[in-house]
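Contents: one structure, followed by commentary.
The values are calculated or read from the model by the stated rules, or taken from the named source; none is laboratory data. Computed from a predicted model, the values in this text were never measured in an experiment. Positions of Cβ are backbone-derived with ideal geometry, glycine not excepted, and every protein chain shown enters the neighbour counts. Calculation scope for accessible area: heavy atoms of the full protein, side chains included, ligands and nucleic acids excluded. Shrake-Rupley method; radii C 1.70, N 1.55, O 1.52, S 1.80 Å.
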Amino acid sequence: MVAITLRVKKQERYNCFAANLLPINTTLAVIHRIHSRICFQIFTAMSSFRKALKTKTRDHKERSQLGFRKHLGLLEKKKDYKLRADDYHRKQKTILALRKKAMDKNPDEFNFKMIHNQLKDGVHMIKPEESVMTDEQKKMMRTQDIRYVEMKRVSEMKKIERMKSELHFLDVNEEKKNKHVFYVDSKKEVEDFDLATHLNTVPALVDRVYNRPTIETLTHKSILGAVESKSIKKLAKQRKQQYLRLSERIDREQEMFVISQKIQTRKDLQDKVKKVKVRKETSTAPAIYRFETKRKR
């Protein structure tokens with residue numbers, strides 16, 4: 001204590017000796033300052049002594065595996081055993097719970113999973129549920145806004161209308177939707193009826209529902225357009241590709257319409273209004289809800 005007191009500055013000792021000459025508040029401040037400095041020096045000395053003491057302590061090392069048991073691997077410590085024991089007890093509890101559930105099970109009890117699940121060759125099979133949304137729809141709904149989807153849908157509709165105006169859909173379906181009825185006077189005329197002669201055209205053009213010229217037109221007028229078989233095949237291939245692109249654009253426009261409806265449905269569900277689900281959501285249609293009607297004031 002004497003050594004610590006000697007470290008105090010001379011000015012502070014002078015202030016301590018002259019404390020009776022100063023006011024009470026000043027004296028208390030000086031005493032508090034000296035006390036705090038002494039406590040700090042004691043704490044510093046104790047911490048350095050503790051550090052010096054640690055340098056002489058012995059390092060405690062974990063026990064290793066014995067030489068003749070090294071073929072068994074590392075020596076198991078308590079923390080390793082604790083993990084293994086906890087895992088074992090957890091599995092035992094799960095097995096006991098399942099055994100109890102199996103003992104308490106009622107074989108005549110109905111469960112809704114009985115409708116969707118079944119045993120096939122002794123294996124429990126679960127019927128796969130129909131996916132509500134395709135991967136492309138999920139990606140589009142996560143990344144894009146409803147205004148962007150509507151803009152793309154309107155753009156696709158305009159392109160579809162433009163392509164429809166260029167293509168006439170004359171030979172898309174081979175089945176003839178319309179019927180042409182011919183009336184005759186007797187059964188003999190029905191037996192001798194020749195469609196090419198009646199339509200005044202070549203037998204090769206009878207099955208065509210469009211561009212079926214008569215024999216007079218073929219003899220007196222020149223044919224406009226492709227005549228060679230190579231050019232006709234090329235035009236048919238181009239026409240087929242155009243129809244394929246049109247069908248793809250129609251499918252894309254329909255998909256955009258479904259995505260925009262699903263996004264709008266999710267926005268409507270955020271309103272705090274009572275609602276009832278009428279129909280579930282599918283990959284081709286959004287879910288349908290019936291909302292409670294509220295009178296607007």
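Quick rundown of the values:
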| read-out | value |
| --- | --- |
| Failed condition for residue 130, given (1) open to solvent by 100 Å² or more (accessible area, probe 1.4 Å); (2) modelled with pLDDT of 75 or more | (2) |
| Residues satisfying the stated conditions in the stretch 191-234, i.e. modelled with pLDDT under 80 and closer than 19 Å to residue 181 by Cα | 205, 206, 207, 208, 209, 210, 212 |
| Tally, over the stretch 114-163, of residues that are touching a residue at least 60 places away in the same chain (Cβ under 8 Å) and among the aliphatic types (A, V, I, L, M) | 9 |
| Sole exception among (1) surrounded by 11 or more Cβ atoms within 10 Å (Cβ to Cβ); (2) under 30 Å from residue 160 (Cβ atoms); (3) of a type in the set (Asp, Glu) for residue 207, by number | (1) |
| Selection count where residues are in contact (Cβ under 8 Å) with a residue 40 or more places away in the chain, more than 15 Å from residue 156 (Cα to Cα) and open to solvent by less than 70 Å² (accessible area, probe 1.4 Å), scope the stretch 244-293 | 5 |
